[in-house]
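What follows is a short report on a single structure.
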Amino acid sequence: MGCCDVILKAILIITNVVVMVAGGILLVAGGIFYTKQFDFFPKLTDYSTNVNSVLIPMMVIGAILFLVGTIGCCGAVTGKSGLLNVYFIIVLVVVILELVVIILGVVKKKDFVDTTEKFAQELFEEYKTVYVGGTGTMAEDRTLAVNTAQQLFECCGLTDGPSYWKTTGNTKVPPGCCSDWDGKDMDDALVDCTAENLGDVYDIGCTEQVKGLADEFGTVIIIVIVVVIVFEMICLAAACYSKKNDMVA
């Protein structure tokens with residue numbers, strides 16, 4: 001076995017062991033948390049549907065990674081063309097899907113941004129109309145969505161920070177604008193963060209904040225995806241080379 005063979009086999013084995021271990025961790029952790037979640041965190045009972053919608057995909061992804069890692073690792077160790085063929089096809093499909101996602105992301109970026117901004121505007125304007133203007137009613141899940149978004153992105157209002165909410169004589173903001181809001185207390189739709197010991201008010205609008213984060217992390221995400229694809233291509237080449245050697249042997 002030449003030096004090139006050893007290096008390619010080592011790449012395949014190490015890569016797939018890592019993938020297998022990562023998949024196993026996701027699968028086991030997801031399974032334990034799925035069966036024991038309310039023993040560990042009783043307060044999650046009210047959010048069981050949301051929690052399960054995360055845990056089930058987590059276990060599925062873990063199982064897929066574990067299976068792919070096992071096939072790749074066994075194929076690399078044994079050099080059996082059958083296993084390497086299966087591994088090659090799976091990784092090739094993943095690479096194609098990643099390329100499709102990148103292309104769609106570039107082509108459909110404007111449509112996605114426009115749709116997201118339109119939805120956010122409707123949601124925030126509804127909150128403003130109902131709780132600041134005192135007109136109509138708003139579903140609880142939509143009310144929570146506005147506050148959760150502000151808490152998650154550490155922003156306040158759709159644009160212009162707290163000023164977005166302070167119209168028609170109103171001086172308060174949604175609790176999601178407060179840095180120490182616990183994410184659960186929705187007794188009041190508008191609060192005075194300082195007076196109610198909820199910390200400081202975020203001073204940047206959500207549109208500006210999200211665009212800033214997108215610009216900051218967008219390049220990093222693209223670089224990571226490209227590196228992953230390049231590494232997957234190396235794995236494809238290694239699998240193909242190993243298979244070829246097995247057929248020659």
Among residues belonging to segment 64-104 that are open to solvent by less than 50 Å² (accessible area, probe 1.4 Å) and among the β-branched types (Val, Ile, Thr), point out the one that is farthest from Val17 (Cα to Cα).
-> Val95
Please identify the pairs in which a residue from segment 177-203 that is closer than 14 Å to Ala145 by Cα and of a type in the set (A, V, I, L, M, F, W, C) has its Cβ atom under 6 Å from the Cβ atom of a residue that is part of a loop (DSSP other than H, G, I, E, B) and open to solvent by 60 Å² or more (accessible area, probe 1.4 Å), counting only partners at least 6 apart or on another chain.
-> none
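Give the number of residues within segment 147-172 that are among the basic types (Lys, Arg) and more than 16 Å from Gly133 (Cα to Cα).
Residues of segment 147-172 that are among the basic types (Lys, Arg), as a first pass: 166, 172.
Imposing the further condition that a residue be more than 16 Å from Gly133 (Cα to Cα) reduces the set to none.
The number of residues fulfilling the criteria is 0.
Condition (residue is open to solvent by less than 70 Å² (accessible area, probe 1.4 Å), out of contact with any Lys or Arg (no Cβ under 6 Å at 6 or more places or on another chain), among the hydrophobic types (A, V, I, L, M, F, W, C) and not in a helix (DSSP H, G or I)) applied to segment 208-220: is it met by at least one residue? So that I can check it myself, show each step before the final result.
Of segment 208-220, the ones open to solvent by less than 70 Å² (accessible area, probe 1.4 Å) are 209-210, 212-214, 218.
From what is left, the residues that are out of contact with any Lys or Arg (no Cβ under 6 Å at 6 or more places or on another chain) are 209-210, 212-214, 218.
Still in the running and among the hydrophobic types (A, V, I, L, M, F, W, C): 210, 213-214.
Right, trim to not in a helix (DSSP H, G or I) and you get none.
No: zero hits.
Tally the residues that are of a type in the set (S, T, N, Q), touching a helix residue (DSSP H, G or I) at 6+ places or on another chain (Cβ under 7 Å) and at pLDDT below 70, restricting the search to segment 1-51. I'd like the intermediate steps shown before the answer.
Going residue by residue through segment 1-51, those that are of a type in the set (S, T, N, Q) are 15-16, 35, 37, 45, 48-50.
Checking which are touching a helix residue (DSSP H, G or I) at 6+ places or on another chain (Cβ under 7 Å) leaves us with 15-16, 37, 45.
If we keep only those that are at pLDDT below 70 too, we end up with 37, 45.
Residues that pass the stated criteria total 2.
So, Ala195, is that one closer than 20 Å to Leu12 by Cα and either open to solvent by 60 Å² or more (accessible area, probe 1.4 Å) or modelled with pLDDT of 85 or more (or both) or not? Before the answer, list the steps.
Details: closer than 20 Å to Leu12 by Cα: no; either open to solvent by 60 Å² or more (accessible area, probe 1.4 Å) or modelled with pLDDT of 85 or more (or both): yes.
For Ala195, the condition - closer than 20 Å to Leu12 by Cα and either open to solvent by 60 Å² or more (accessible area, probe 1.4 Å) or modelled with pLDDT of 85 or more (or both) - is not met.
Looking at Thr143, Thr115, Thr159, which is the one that is assigned to a helix (DSSP H, G or I) and open to solvent by less than 70 Å² (accessible area, probe 1.4 Å)? Please lay out each step first, then the result.
Working: Thr115 fails: open to solvent by less than 70 Å² (accessible area, probe 1.4 Å); Thr159 fails: assigned to a helix (DSSP H, G or I).
The match here is Thr143.
The values are calculated or read from the model by the stated rules, or taken from the named source; none is laboratory data. For clarity, every value in this text was computed on a predicted model and none was experimentally measured. Glycine also receives a Cβ, built like all others from the backbone with ideal geometry; neighbour counts cover every protein chain displayed. Surface areas here come from the heavy atoms of the whole protein model, side chains and all, with no ligands, DNA or RNA. Shrake-Rupley method; radii C 1.70, N 1.55, O 1.52, S 1.80 Å.
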